[in-house]
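J.: Below you'll find the structure I mean.
The values are calculated or read from the model by the stated rules, or taken from the named source; none is laboratory data. Only a predicted model underlies this, so the values are computations on that prediction, with no experimental measurement involved. We place every Cβ from the backbone using ideal geometry, glycine too, and count neighbours over all the protein chains shown. What goes into the accessible areas is simple: the full protein's heavy atoms, side chains included, and nothing from ligands, DNA or RNA. Shrake-Rupley method; radii C 1.70, N 1.55, O 1.52, S 1.80 Å.
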Amino acid sequence: MSADPVLLPPIANPVRAAFGPSRDDTVVVNIGPSHPATHGTVQIIAELDGEKVLRTDVHCGYLHRGFEKECEDHTWHNLIPYVDRLNYCSALINNFAYCEGVEQLMGIEITPRTKYLRTLLSEYSRVADHLTCVAASLMELGAMTAFLYLVTVRDAMYEHLAALTGARVTYSYGRIGGLAADVPEGWFTRLHEILRDYERYVERVHGLVDRNRIFIDRMRRVGTLTTADALHWGFTGPVLRSTGAKQDLRKDTPYLAYAELDFEVPVGILGDNYDRYFVRMREMDESVYMIRQLMEMIPEGPINVDDRRCVFPEKTLVYSEIESLINHFKLVMEGPVVPAGDAYVAHEGANGELGFYLVSTGEGVPYKVHVRSPSFVHMGGAHRMLDGYQLADIVTSFGSINMIGGECDR
Amino acid sequence: MYGKQLPIVDATRSAPTAAGPGGGTAGKPATFEYLTTRKDELVGWARKFSLFPYPFVTACCAMEFMAVSASSYDTDRFGAALPRFSPRQADLLMVVGTVTQKQAPILLKVYEQMCEPKWVMAFGVCASTGGFYQNYASLPGIDRIIPVDIYVPGCPPRPEMVIDGIMRLQEKIANGRHPIINDRF
Amino acid sequence: MTAPIFADVEQTLRQQMVTDTAPNDETPGPLSPSRPVRSMGVRHGILVLELLPEALLAVARRLRDTFSFDLFLDVTAVDWLGQTPRFEVVYHFYSSTHHVRVRLKLRVDESHPVVPSLTSLYGSAGYMERECHDMYGIGFEGNADLRPILLYEGFVGHPLRKDYPKQQEQPLVPYRPPQGALVR
């Protein structure tokens, strides 16, 4: 312990700031990338005049894990776990959006049971994501109780999804042409219980927070956006809806079973943080309403399409018939052969328009898989919500964008 | 692949690390060794039950970190609940999630800013070995840049597994040496 | 059944389309600055336009102002290694009033992979063009800020190009020797 002091070599700086201090009395501070309120890894270089933020430079990319390059090395099936880890708070939505892209390229139409199940699970994932976002934002404001309540509900949902898919957070449940497995016994009964628990806890959070003087003072008229501004900077999802624009892909370009469901699209008034909080809370309620409708509507039937180009044959057949054995072998070794072409499929993710642009050259391995990630585009426009407000408002505004690192940096 | 051979040790014999509590004190009176051992037990007990984690949170494992800190699984029972977001005040660096090449300098900086004694937990398989991201962007395990005390694999690990990791780390702390005045006592 | 707005767009751009070419023809017709649109077609509900890079700004401005494609979704590139021109830059736009999408595709060559930037039309183009530049090395003329966004300062090369090996790491922090001992 009593060694001579060693002069360590300087540690490299991975980014270059866009600006330095513009006046004598301003200071440039660095927030992140390891910071409690930056939800993962984002660096905000802010020029401050006292407590007021003059301008910000948002640096993401600290979680760039090479998703697109990895995808070019794996078969269309094998990259489903990578897709999960994009928006890891609502992993099932990524699964289903990607699978729909491949199904569009292959010209497959999924079975009715899968269609309703996928819709139900997408909404379930959306609830989990909004719970996480609201819980984290409230915790950063100091409302630890609300965080604990919401995470309790989310934990029950994770255990419930683990009974269905085998994993709590990153499920890899979607398959090209269907789903991995069917719903087990008693799953829907438990779902009813969880939705009742959800209502109990969310009611308490509403009571704690909605008309709380401190909450309103910190969130009202902070991080305001107008609709034109939001569209210009590419915002979609709850952020765009909080400005008053009734834009929702589930209503405007219905996919899966959304055309048959009765639900509202909640919109905000001012486009500030309070509106975003409320839009998310209302969206969760609408999702729960949709889940209840869907539970009545799910028909019986197979979950996987009867198409041997992408669906694995039954194991009993694999061990007894040569055709199934070869089919299984080809699907594992070469991957499902997807006809050449390109497709763009977008689903309404929890943060906005989550799009997959897939390029195929007729092989079992994709030529390119590109994700149009809402969080990344929101980072480009984040400075509109941060500039001109106080330093402490960066925490609330950034939390209300719900930047998910896996989706932003891919 | 590493270019340097690791020493191979027989599991039946004890590891050839620096000697256990008391140090190689040949010729030291037994009372001194007794005092050192008791001091180590006391300080180890105190340190293991008041861990202040620095949650270096990056990716999906954050969801399980939130779950393990919340009421269902609760790290507060182990004394490891209160996070300290300043490296100067923390003693357990929990690296939660993938560390990329871009993030590596920041991780190294945070680790170097922490004061002794400090321990490092690699939470999740991406922090342990790089996970299934074997490409240009992702660091293949944080032990390439900082020493790690406990690896908790899983993608992401279940909260029970994280708690198991914390308990094993507590055992390691309890059985370790804790020099508080100089390097012998 | 295609959206009516697509018929309007196609009609407007038809006089800029190359003559003597069927919509899905493989062989490119004679492209020129006055006839920069190679092909137009609707695939899976999205109108796909293939055009020359020089025409991008004019067409994008037309789409935004006349046909209200006000949301710029995405710009990315595809590396067709072995073909000339090598890179295909792909744009997606969305109309919040008509609820349809348009895809624009341009081809640029390896020797001069530069396309005009859309930052003058859409603010969201800034970060997306930075990412495309990072990953493929496509230059965006008019975008003043092309600093690395997903990669870091000092990274050499463009990883999503097909000739960049997947596991070629460029560490910022030198790796330390492995710790511990192998126990038998």
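J.: Tell me which residues, restricted to the stretch B:150-170, are over 21 Å from B:Cys115 (Cα atoms) and assigned to a helix (DSSP H, G or I).
T.: Within the stretch B:150-170, B:Pro159, B:Glu160, B:Met161, B:Val162, B:Ile163, B:Asp164, B:Gly165, B:Met167, B:Arg168 qualify.
J.: Among the residues of the stretch A:321-363, how many are polar (S, T, N, Q), touching a helix residue (DSSP H, G or I) at 6+ places or on another chain (Cβ under 9 Å) and not in a helix (DSSP H, G or I)?
T.: Keep residues of the stretch A:321-363 that are polar (S, T, N, Q), which gives A:324, A:327, A:351, A:360-361.
Then drop every residue that is not touching a helix residue (DSSP H, G or I) at 6+ places or on another chain (Cβ under 9 Å), which leaves A:324, A:327, A:351, A:360.
Filter once more, so that each one left must be not in a helix (DSSP H, G or I): A:351, A:360.
Total meeting the criteria: 2.
J.: Also, I was wondering about something else. Quick check, is A:Thr236 under 28 Å from A:Ala91 (Cα atoms) and surrounded by 16 or more Cβ atoms within 10 Å (Cβ to Cβ)?
T.: Working: under 28 Å from A:Ala91 (Cα atoms): yes; surrounded by 16 or more Cβ atoms within 10 Å (Cβ to Cβ): yes.
Spelling it out, A:Thr236 is indeed under 28 Å from A:Ala91 (Cα atoms) and surrounded by 16 or more Cβ atoms within 10 Å (Cβ to Cβ).
J.: Quick test for you: out of C:Arg101, C:Arg176, pick the one residue that is at pLDDT below 90 and open to solvent by 10 Å² or more (accessible area, probe 1.4 Å). So that I can check it myself, show each step before the final result.
T.: Values: C:Arg101 fails: at pLDDT below 90.
Criteria check complete, one pass: C:Arg176.
J.: Within the stretch A:178-227, which residues are under 22 Å from the mean Cα position of the chain (by Cα) and part of a loop (DSSP other than H, G, I, E, B)?
T.: Correct list: A:Ala180, A:Gly223, A:Leu225.
J.: Still on this model: Can you list residue pairs whose Cβ atoms sit under 7 Å apart, with the first residue in the stretch A:202-222 being in contact (Cβ under 8 Å) with a residue 60 or more places away in the chain and more than 14 Å from A:Leu150 (Cβ to Cβ) and the second being in a helix (DSSP H, G or I) and of a type in the set (Phe, Trp, Tyr)? Count only pairs 6 or more apart in sequence or on different chains.
T.: Once the first residue is in contact (Cβ under 8 Å) with a residue 60 or more places away in the chain and more than 14 Å from A:Leu150 (Cβ to Cβ) and sits in the stretch A:202-222, its partners that are in a helix (DSSP H, G or I) and of a type in the set (Phe, Trp, Tyr) give A:Met219/A:Tyr274; A:Met219/A:Tyr277.
J.: Still on this model: Tally up the residues in the stretch A:42-64 that are touching a Gly at 6+ places or on another chain (Cβ under 7 Å) and not aliphatic (A, V, I, L, M), please.
T.: 1
J.: Ok, one more. Mind checking which residues of the stretch C:77-98 are in contact with a strand residue (DSSP E or B) (Cβ under 7 Å, 6 or more places away or on another chain) and surrounded by 18 or more Cβ atoms within 10 Å (Cβ to Cβ)? Step through it out loud before you land on a result.
T.: Here is the first cut: in the stretch C:77-98, the ones in contact with a strand residue (DSSP E or B) (Cβ under 7 Å, 6 or more places away or on another chain) are C:77-80, C:85-94, C:96.
Hits for the stretch C:77-98 are C:Ala77, C:Val78, C:Asp79, C:Arg86, C:Phe87, C:Glu88, C:Val89, C:Val90, C:Tyr91, C:His92, C:Phe93, C:Tyr94.
J.: Could you say which residue among C:Ser111, C:Ser120 is assigned to a loop (DSSP other than H, G, I, E, B), among the small types (Gly, Ala, Ser) and within 12 Å of chain A (Cβ to nearest Cβ)?
T.: Working: C:Ser111 fails: within 12 Å of chain A (Cβ to nearest Cβ).
Going through C:Ser111, C:Ser120 in turn, the sole match is C:Ser120.
J.: Within the set of pairs 6 or more residues apart or between chains, which connect a residue that is in the same structural domain as B:Ala67 (by TED's automatic domain parsing) and crowded, with 18+ Cβ neighbours inside 10 Å inside the stretch B:100-126 to a residue that is of a type in the set (Val, Ile, Thr) and part of a helix (DSSP H, G or I) with Cβ atoms less than 8 Å apart?
T.: B:Leu107/B:Ile142; B:Trp119/B:Ile173; B:Val120/B:Ile142; B:Met121/B:Ile166; B:Ala122/B:Ile142; B:Phe123/B:Val162
J.: Of all helices (runs of 4 or more DSSP H) completely enclosed by the stretch A:68-173, which ones contain at least 2 residues that are open to solvent by 10 Å² or more (accessible area, probe 1.4 Å) and more than 13 Å from chain B (Cβ to nearest Cβ)? Walk me through it before giving the result.
T.: Values: elements: A:80-84, A:91-106, A:112-141, A:144-165.
Answer list for the stretch A:68-173: A:91-106, A:112-141, A:144-165.
J.: Taking the stated definitions as given, is A:Val318 open to solvent by less than 40 Å² (accessible area, probe 1.4 Å), in a helix (DSSP H, G or I) and either over 27 Å from A:Gly234 (Cα atoms) or among the β-branched types (Val, Ile, Thr) (or both)? Step through it out loud before you land on a result.
T.: Values: open to solvent by less than 40 Å² (accessible area, probe 1.4 Å): yes; in a helix (DSSP H, G or I): yes; either over 27 Å from A:Gly234 (Cα atoms) or among the β-branched types (Val, Ile, Thr) (or both): yes.
It is true that A:Val318 is open to solvent by less than 40 Å² (accessible area, probe 1.4 Å), in a helix (DSSP H, G or I) and either over 27 Å from A:Gly234 (Cα atoms) or among the β-branched types (Val, Ile, Thr) (or both).
J.: So for the stretch A:54-65 (the condition being among the charged types (D, E, K, R) and without any contact (Cβ under 8 Å) to a residue 40 or more places away in the chain), does at least one residue qualify? Give the derivation first.
T.: First, pick out the residues of the stretch A:54-65 that are among the charged types (D, E, K, R): A:55, A:57, A:65.
Checking the rest, the ones that are also without any contact (Cβ under 8 Å) to a residue 40 or more places away in the chain come to none.
No, the stretch A:54-65 contains no residue that is among the charged types (D, E, K, R) and without any contact (Cβ under 8 Å) to a residue 40 or more places away in the chain.
J.: Considering the stretch C:82-101 alone, what residues qualify as being facing chain A (nearest Cβ under 10 Å) and not in a loop (DSSP other than H, G, I, E, B)?
T.: C:Glu88, C:Val90, C:His92, C:Tyr94, C:Arg101
J.: All but one of (1) open to solvent by 30 Å² or more (accessible area, probe 1.4 Å); (2) more than 15 Å from the chain's Cα centre (by Cα); (3) closer than 23 Å to A:Gly406 by Cα hold for C:Leu151, so report the exception by its number.
T.: All conditions are met except number (1).
J.: So which residues in the stretch A:369-390 are of a type in the set (A, V, I, L, M, F, W, C), more than 9 Å from chain C (Cβ to nearest Cβ) and within 19 Å of A:Ala136 (Cβ to Cβ)?
T.: Listed by number, the residues that qualify are A:Ala382, A:Met385, A:Leu386.
J.: Name the residue, out of A:Arg118, A:Arg154, A:Arg126, that is charged (D, E, K, R) and more than 27 Å from A:Val395 (Cα to Cα).
T.: Working: A:Arg154 fails: more than 27 Å from A:Val395 (Cα to Cα); A:Arg126 fails: more than 27 Å from A:Val395 (Cα to Cα).
On inspection, the qualifying residue turns out to be A:Arg118.
J.: Just to verify a result, which residue in the stretch B:28-51, among those that are in a helix (DSSP H, G or I) and hydrophobic (A, V, I, L, M, F, W, C), is least open to solvent (accessible area, probe 1.4 Å)? Spell out how you get there, then give the answer.
T.: Of the residues in the stretch B:28-51, the ones in a helix (DSSP H, G or I) are B:30-48.
Going one step further and asking which of them are hydrophobic (A, V, I, L, M, F, W, C), we end up with B:30, B:32, B:35, B:42-43, B:45-46.
Details: B:Ala30: 78, B:Phe32: 52, B:Leu35: 102, B:Leu42: 111, B:Val43: 25, B:Trp45: 147, B:Ala46: 47 Å².
Ranking the qualifying residues of the stretch B:28-51, first place goes to B:Val43.
J.: State the number of residues belonging to the stretch B:127-149 that are assigned to a loop (DSSP other than H, G, I, E, B) and either open to solvent by 30 Å² or more (accessible area, probe 1.4 Å) or within 13 Å of chain A (Cβ to nearest Cβ) (or both). Working first, answer last.
T.: Our first condition is that a residue be assigned to a loop (DSSP other than H, G, I, E, B); within the stretch B:127-149, this holds for B:130-137, B:139-141, B:145-149.
Next cut, either open to solvent by 30 Å² or more (accessible area, probe 1.4 Å) or within 13 Å of chain A (Cβ to nearest Cβ) (or both) only: B:130-137, B:139-140, B:145-147, B:149.
Adding up the residues that qualify gives 14.
J.: List every residue pair whose Cβ atoms lie under 8 Å apart, where the two residues are 6 or more positions apart in sequence or sit on different chains, the first residue falls within the stretch A:75-93 and is without any contact (Cβ under 8 Å) to a residue 60 or more places away in the chain and over 17 Å from A:Gly237 (Cβ atoms), and the second residue, located anywhere, is among the hydrophobic types (A, V, I, L, M, F, W, C) and open to solvent by 10 Å² or more (accessible area, probe 1.4 Å).
T.: Close Cβ pairs satisfying both conditions: A:Tyr82/B:Phe132.
J.: Would you tally the residues in the stretch A:154-181 being of a type in the set (A, V, I, L, M) and under 26 Å from A:Ile108 (Cα atoms)? Let's see the steps before the verdict.
T.: First, the residues of the stretch A:154-181 that are of a type in the set (A, V, I, L, M): A:156-157, A:161-164, A:167, A:169, A:176, A:179-181.
Adding the requirement that they be under 26 Å from A:Ile108 (Cα atoms) leaves A:164, A:176, A:179-181.
Qualifying residue count, the stretch A:154-181: 5.
J.: Inspect the stretch A:375-392 for any residue being more than 30 Å from A:Gly107 (Cβ to Cβ), polar (S, T, N, Q) and either modelled with pLDDT of 95 or more or surrounded by fewer than 24 Cβ atoms within 10 Å (Cβ to Cβ) (or both) and give the result as yes or no.
T.: Among the residues of the stretch A:375-392, at least one is more than 30 Å from A:Gly107 (Cβ to Cβ), polar (S, T, N, Q) and either modelled with pLDDT of 95 or more or surrounded by fewer than 24 Cβ atoms within 10 Å (Cβ to Cβ) (or both), which makes the answer yes.
J.: Please specify each residue of the stretch C:154-173 satisfying the condition of being surrounded by 12 or more Cβ atoms within 10 Å (Cβ to Cβ) and of a type in the set (A, V, I, L, M, F, W, C).
T.: Across the stretch C:154-173, the qualifying residues are C:Phe155, C:Leu160, C:Leu172, C:Val173.
J.: Looking at (1) touching a Gly at 6+ places or on another chain (Cβ under 8 Å); (2) surrounded by 17 or more Cβ atoms within 10 Å (Cβ to Cβ); (3) more than 8 Å from every other protein chain (Cβ to nearest Cβ), which is the only condition C:Leu146 fails?
T.: Exception for C:Leu146: condition (2).
J.: All but one of (1) closer than 18 Å to A:Ala18 by Cα; (2) touching a Cys at 6+ places or on another chain (Cβ under 7 Å) hold for C:Leu150; which doesn't?
T.: (2)
J.: Looking only at residues that are small (Gly, Ala, Ser) and buried (at least 22 other Cβ atoms within 10 Å of the Cβ) in the stretch B:71-99, which one is farthest from B:Pro140 (Cα to Cα)? Lay out the reasoning, then the answer.
T.: Taking the stretch B:71-99 as the starting set, the residues that turn out to be small (Gly, Ala, Ser) are B:71-72, B:79-81, B:86, B:90, B:97.
Filter again for buried (at least 22 other Cβ atoms within 10 Å of the Cβ), leaving B:80, B:90, B:97.
On the way: B:Ala80: 27, B:Ala90: 25, B:Gly97: 12 Å.
This residue is B:Ala80.
J.: Please verify whether the stretch B:94-110 includes one or more residues that are more than 10 Å from chain A (Cβ to nearest Cβ), assigned to a loop (DSSP other than H, G, I, E, B) and modelled with pLDDT of 90 or more.
T.: For the stretch B:94-110, residues more than 10 Å from chain A (Cβ to nearest Cβ), assigned to a loop (DSSP other than H, G, I, E, B) and modelled with pLDDT of 90 or more: absent.
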